[in-house]
Amino acid sequence: MTNDRDGQHTERTAKRTMPHDIVILGGGPAGLSTALALGRARKSVLVVDGGPRRNAAAVHLHNFVTRDGIPPDDFRRIAHEQLAAYPNVETRVDRIASISGTRGAFTLRTASEVIDARRVVLCTGMIDEPLPIEGFAELWGHAIFQCPYCHGWEVKERPWGFVAHDAAMLHFAVMLRSWTRDVTLFTGGAFEIPAEIRPQLEAAGVRIEAGPILRLRRRGQTLAGVELDGGRFVPVEALFAHPPQRHVDVVAALDLARDEGGYVRVDPMSRETSIPGVYAAGDLTTRAQGAVLAAASGAHAAGMLNYELTAELAALGLL
Ligand SMILES: Cc1cc2nc3c(=O)[nH]c(=O)nc-3n(C[C@H](O)[C@H](O)[C@H](O)COP(=O)(O)OP(=O)(O)OC[C@H]3O[C@@H](n4cnc5c(N)ncnc54)[C@H](O)[C@@H]3O)c2cc1C
C-alpha cells in the first residue's frame, strides 16, 4: 500500500514498486521550485536536503521579485508550507551519500537509508572556498559579496573593492560602477592587466591596486579596508569576489560531463545531464548564480522531466 498521486491510500497504486518517482537532492531555491512543479504534476516526489544552504551567511535575500529582502530561512519556511499542500511531496532533512543505478531504477543512500527512484534531480548548489586572505571567511556574506544585484543597493555609494584572480574577470570591476563611483580593483599581483582593458578601467574611474593583499582590516563583521603587502591601506566598506567553488561530494563522485568552468553540463532544452535520468538545476549548472535563476531552472527541469516521465508511467500502466 502506498500513497497515490493525491495522497490517498488505494489498492490501485499498490502495484507500484518504486516508492518515489523522483528524488530531488537539495532544498534550496532550485530544489524547492522543482518539487513544487512536480508535486503539482501529481508525481511522487521526495526532497532530501542536508543543509547548510549556500547563502547561510546572508541575513537577507534580495532580487527575487515578491520576496525582496526576505530572510533566507523565511524563504525556505514559506516554500515548505506551500509544498505541504501536496501530499505527494515529502521533504526530509538528510544527506544523500551516493547515487547508483540507471534511468528508471536509481538507488540513493543516506547514512541510514536506501531510497529508490525513477529519476534524480541534482539541486545541490556549490560550495564556496574562502580566499586565503585573513578576514575573508569572517566577512563573507556580511561585507564580502559575490553579486551586486543581491547586496549592492544596501551599500551603494560607499567605497567598494573587487578582488580579481584573472584578467577574464576585469569587466566586473567596471560594472560595479553602476552602484558607486568609488571602486578599487585588487589584482593581488596575480596577473598582468591586459593593455586593451586598462583604458576601459581608467575611463570608468576604477583605481587599480596591483600589490599582494596582506589581510582585511575589520571590526567584527564590518570591513574597514584592505591592507597590502608593504603597509599600504586602502579604505573599503564592501568587497566583491568570486572565490573558487566546488561540488558537494555526491555530485563530484558521479561521472558527469562538466563545462569549462567545472559546472554540470545539462541539455539546454531538457536539463538532463550526461547521465540519462539524472537532471540538474541551480548553481551547480552555471556561474550565473542567483536564487530566482535557480528557481527558474528548477521549474524548467521539472517541466521537461515530467514530460518524459509521464509517458513512461503511462506506458507501464501506472497513471
Ligand atoms: C553569501 C551569499 C549571499 C547571497 N545572496 C543572494 C541574494 O540576496 N539573492 C540571490 O538571488 N542570490 C543570492 N545568493 C546566491 C543564492 O544563494 C544561490 O544562487 C542559490 O541559493 C542557489 O540555489 P540552489 O538551490 O542551486 O542551491 P543552494 O541554495 O545552495 O541549495 C543547495 C542545497 O542542497 C543541499 N545539499 C548539498 N548536498 C546535499 C546532499 N548530498 N544531500 C542532500 N542535500 C544536499 C545543501 O545543503 C543546500 O541546502 C547568495 C549567495 C551567497 C554565497
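The values are calculated or read from the model by the stated rules, or taken from the named source; none is laboratory data. Keep in mind that what you see is a predicted model, and the values were worked out from it rather than measured. Note that each Cβ is placed from the backbone with ideal geometry, even for glycine, and that neighbours are counted across all protein chains shown. Note: areas computed on protein heavy atoms with side chains; ligands, DNA, RNA excluded. Shrake-Rupley method; radii C 1.70, N 1.55, O 1.52, S 1.80 Å.
A few remarks follow.
- Candidates ILE115, ILE99, filtered to the one that is among the β-branched types (Val, Ile, Thr), assigned to a strand (DSSP E or B) and within 10 Å of the ligand (Cβ to nearest atom): ILE99
- Residue that is closer than 24 Å to ARG95 by Cα and in contact with a strand residue (DSSP E or B) (Cβ under 6 Å, 6 or more places away or on another chain), where the choices are ALA301, ALA224, ALA241, ALA253: ALA301
- Members of the range 41-60 that are of a type in the set (D, E, K, R), in a loop (DSSP other than H, G, I, E, B) and either more than 7 Å from the ligand (Cβ to nearest atom) or at pLDDT 80 or above (or both): ARG42, LYS43
- The single condition from (1) in contact with a Pro (Cβ under 7 Å, 6 or more places away or on another chain); (2) closer than 17 Å to LEU223 by Cα; (3) more than 15 Å from the ligand (Cβ to nearest atom) that PRO132 fails is (1).
- Residues in the range 268-296 that are open to solvent by 10 Å² or more (accessible area, probe 1.4 Å) and among the β-branched types (Val, Ile, Thr) were compared, and the one that is nearest to the ligand (Cβ to nearest atom) is VAL292.
- Identity of the residue in the range 45-101, hydroxyl-bearing (Ser, Thr, Tyr) and in contact with a strand residue (DSSP E or B) (Cβ under 9 Å, 6 or more places away or on another chain), that ends up surrounded by the fewest Cβ atoms within 10 Å (Cβ to Cβ): SER100
- Residue in the range 103-122 that is open to solvent by 50 Å² or more (accessible area, probe 1.4 Å), at pLDDT 95 or above and closer than 24 Å to GLY211 by Cα present: no
- Selection from the range 1-40 of residues that are modelled with pLDDT of 80 or more and either open to solvent by 30 Å² or more (accessible area, probe 1.4 Å) or on the phi > 0 side of the Ramachandran plot (or both): GLY26, PRO29, LEU36, ALA37, ARG40
- Among the residues of the range 214-229, at least one is over 30 Å from VAL59 (Cβ atoms) and more than 13 Å from the ligand (Cβ to nearest atom).
- Residue within the range 200-208 that is touching a residue at least 60 places away in the same chain (Cβ under 8 Å) and either assigned to a loop (DSSP other than H, G, I, E, B) or closer than 25 Å to CYS147 by Cβ (or both) present: no
- Leading residue by the ranking (farthest from ALA280 (Cα to Cα)) among those in the range 141-183 that are open to solvent by 50 Å² or more (accessible area, probe 1.4 Å) and within 16 Å of the ligand (Cβ to nearest atom): LYS156
- Subset of the range 183-197 (residues that are touching a Pro at 6+ places or on another chain (Cβ under 9 Å) and not in a loop (DSSP other than H, G, I, E, B)): VAL183, THR184
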